[in-house]
Amino acid sequence: AEAKRRGRHQIVKFDRSLLDRLYAREQFKQDFVAGITSQLRVYYQMQVNQQGQVVGAEALVRWFHPERGMISPAIFIPLAEETGLIVPVGRFVMRTACEQLKLWESDPRRQHLSIAVNVCSHEFNEASYVQQVEAILRETGVRPEKLKLELTESALASDVELVVAKMRELQKFGLRFSLDDFGTGFSSLSYLRLMPLSQLKIDQSFVRDVTTNLNDASIVRTVIALGKSLGLNVIAEGVETSEQKQLLMEYGCDLYQGYFFGRPQAAEEFERAMDERTSNSI
Ligand code: C2E
Ligand code: MG
Ligand code: MG
Ligand code: MG
């Protein structure tokens, strides 16, 4: 009886320590993720129409490291993708963007604004991605039409049928899609027909020399014409000068984003810049 009692006791003890260890691992992961997300900030860069009105923003994440200062997403996003940490990072950006949309919805000056969130293939290919996005939208109470997902051609290159099925599901829910960095990836024009896109985003590498390089100019003009003929809205990224904006407008580009209009900035600065722009253009 004594041995039995001890045995049972030992089993209980063993189970406890196993549980403790599992719990510690979960706790470690949660603490680690909480640690990095507390150092992340979401910046917003304005997107303006031909009339110069702000129609929305792209959410761009920034990492404020306690010792190293601000780290560019161009550096840490690829690392986060490799390690799988992109999943909690992406969720954080999406939730923050939706909370921002909710705030803007209650302000008559800003209730028309939409936000575009970047999504990489690792995130999008998660089995529960659709459910995760829908959960965030439900929890924050944001109208899904306000949220745009920016996918790159490489994110779409994996399993086309699966990707399109997921996009359709999210589109039925109300979300919209933009094809980011268009022209830099491996673009099969037949994809464009298959995907439920609402926007093409011309990569900044074509915009940079659009006023001086005839090849870039004809690429940009062709992409704009292609987008329009497919019924898509076309936005140019990396617009830095009024000459670039002027030329893009002549080509029929619908929307513009770039340092000429505003840098990515914290929400309060974004709002101030937006108000300034509004009062100047009247
Ligand atoms: P992207 O989505 O193509 O974003 C455009 C990049 O161009 C941003 O760099 C933006 O700050 C920069 N940019 C905007 N206007 C101008 C301009 O006029 N001139 C120039 N030279 N650059 C301009 P950023 O913020 O460093 O982001 C780099 C990339 O990191 C993004 O490229 C995107 O692929 C990725 N990224 C950023 N935030 C997120 C995120 O929350 N999730 C994911 N998955 N990726 C993100
Ligand atoms: Mg983007
Ligand atoms: Mg881009
Ligand atoms: Mg880019």
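A short reminder: the numbers here are calculations on the coordinates, not readings from a lab. These numbers were taken from a predicted model, which means no experiment stands behind them. In this analysis, Cβ positions are derived from the backbone assuming ideal geometry, glycine residues included, and neighbour counts consider all displayed protein chains.
Points to keep in mind about this one:
- Phi-derived couplings, Karplus 6.51 cos²θ - 1.76 cosθ + 1.60 at θ = phi - 60°, listed residue by residue for segment 237-249: 9, x, 7, 10, 10, 5, 5, 4, 4, 4, 5, 4, 5 Hz, with x used for Gly and Pro.
- Acute angle (nearest 10 degrees) that the helix 267-281 long axis makes with the longest principal axis of the chain, alpha-carbon atoms: 10 degrees
- Model label sites at Leu230 and Leu214, defined 7 Å from Cα along the beta-carbon direction, differ in position by 2.8 nm.
- Residue exposure sequence - Leu40, Leu22 - by fewest surrounding Cβ within 10 Å: Leu22, Leu40
- R0 of 30 Å, Cβ-Cβ distance Ala135-Gln51: FRET efficiency to nearest 0.05: 0.25
- The stretch between Glu67 and Gln27 holds 12.0 nm of extra length on full extension. This uses 0.36 nm per residue minus the Cα-Cα distance.
- Angle in degrees between helix 86-105 and the longest Cα principal axis of the chain, rounded to the nearest 10: 60 degrees
- Backbone amide hydrogens, once placed in the peptide plane, bring Ala116 within less than 5 Å of Ala57, Glu58, Ala59, Lys148, excluding anything fewer than 5 places away on its chain.
- Pairwise FRET efficiency - Ser17 versus Phe260, Cβ, R0 = 51 Å, nearest 0.05: 0.25
- Taking the C-alpha atoms only, the angle from helix 160-173 to the longest principal axis of the chain is near 80 degrees.
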